[in-house]
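Chemist: Let me begin by handing over the structure; questions about it come next.
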Amino acid sequence: MKLNLHFSALIFVFAVFIAASSMQAQSTKGGIKADIIEDFETGDFSQFDWQLSGNSNWSVVDASPYEGLFCARSGIITHSQSTTLELEYEVYAEDVLSFWYKVSSENNYDYLTFYIDNVEIDAWAGTVPWTLFEYTVPVGTHTFKWVYDKDGSVSSGEDACWIDFITFPPMQIEAFFTTDTVAICKGEPVQYFD
């Protein structure tokens, strides 16, 4: 018995793309939402176009991550210095940006500060265990920036901060696919190729 089936290559390829990347798919009303995750499991900053600046660069480390094997750690700095990690990102639909952060610094003086488009959103200092931060981001191109900044004296704790498991709002992914009718014979294997 021969069956003629029409299927949407877009859905099939989209599912394969999700499985093959660091995206995590979840069902939502009216479709599929693909969370864009940066968890630093590449062991470096190669998954996105991260920009590193300041007196010392952030690094990806395997010491005490929130999840997985790796997290990002602020650069090693001293008094009156800062270290910055930032990313320009196109938000396709308003949604929540979230990340986990940890701080070990001089309380009330040496801060991890999070900015969106150079506007301070929040800041943390002192001894803060892994904590979830969430913020709704509107549609458009935005710059997300994490800065660890030290004042002019005194060092406390590990004098560092860490971020991990960043979930970005949806980004636009453009893809165009075409397909022909596929004939499947009962009991015969089917293979798909790019």
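The values are calculated or read from the model by the stated rules, or taken from the named source; none is laboratory data. What you see is a predicted model, and the numbers here were worked out from it, not measured in a lab. Cβ placement follows ideal geometry from the backbone for every residue including glycine, while neighbour counts extend to all protein chains displayed. To get the accessible areas, we keep the full protein, side chains included, count just its heavy atoms, and leave off ligands, DNA and RNA. Shrake-Rupley method; radii C 1.70, N 1.55, O 1.52, S 1.80 Å.
Chemist: Just to be sure, is GLU41 part of a loop (DSSP other than H, G, I, E, B) and either of a type in the set (Ser, Thr, Tyr) or in contact (Cβ under 8 Å) with a residue 24 or more places away in the chain (or both)? Let's see the steps before the verdict.
Modeler: On the way: part of a loop (DSSP other than H, G, I, E, B): yes; either of a type in the set (Ser, Thr, Tyr) or in contact (Cβ under 8 Å) with a residue 24 or more places away in the chain (or both): yes.
The answer is yes for GLU41.
Chemist: State all residues of the stretch 97-119 that are open to solvent by less than 10 Å² (accessible area, probe 1.4 Å) and touching a residue at least 60 places away in the same chain (Cβ under 8 Å); if no residue qualifies, say none. Working first, answer last.
Modeler: Taking the stretch 97-119 and keeping what is open to solvent by less than 10 Å² (accessible area, probe 1.4 Å), we get 97, 99, 103, 105, 110, 112, 114.
Of everything in the stretch 97-119, those that are open to solvent by less than 10 Å² (accessible area, probe 1.4 Å) and touching a residue at least 60 places away in the same chain (Cβ under 8 Å) turn out to be LEU97, PHE99.
Chemist: Right, next: Look at THR42 and say whether it is under 19 Å from ALA125 (Cα atoms) and open to solvent by 50 Å² or more (accessible area, probe 1.4 Å).
Modeler: On the way: under 19 Å from ALA125 (Cα atoms): no; open to solvent by 50 Å² or more (accessible area, probe 1.4 Å): yes.
For THR42, the condition - under 19 Å from ALA125 (Cα atoms) and open to solvent by 50 Å² or more (accessible area, probe 1.4 Å) - is not met.
Chemist: Here is a check on your reading of the model: is SER46 assigned to a loop (DSSP other than H, G, I, E, B), farther than 18 Å from PRO169 by Cα, at pLDDT 95 or above and within 12 Å of the chain's Cα centre (by Cα)?
Modeler: Working: assigned to a loop (DSSP other than H, G, I, E, B): yes; farther than 18 Å from PRO169 by Cα: yes; at pLDDT 95 or above: yes; within 12 Å of the chain's Cα centre (by Cα): yes.
So SER46 fits the description; yes.
Chemist: A further question on this structure: Of all residues in the stretch 125-158 being open to solvent by 30 Å² or more (accessible area, probe 1.4 Å) and aromatic (Phe, Trp, Tyr), which is nearest to GLY68 (Cα to Cα)?
Modeler: Here the answer is TRP130.
Chemist: Still on this structure, I have one more. Within the stretch 130-140, restricting attention to residues that are touching a residue at least 40 places away in the same chain (Cβ under 8 Å) and more than 15 Å from the chain's Cα centre (by Cα), which residue is nearest to THR83 (Cα to Cα)?
Modeler: Residues of the stretch 130-140 touching a residue at least 40 places away in the same chain (Cβ under 8 Å): 130, 136-140.
Subsequent filtering for residues that are more than 15 Å from the chain's Cα centre (by Cα) retains 130, 138-140.
Numbers: TRP130: 20, PRO138: 26, VAL139: 28, GLY140: 26 Å.
Checked the stretch 130-140; the qualifying residue nearest to THR83 (Cα to Cα) is TRP130.
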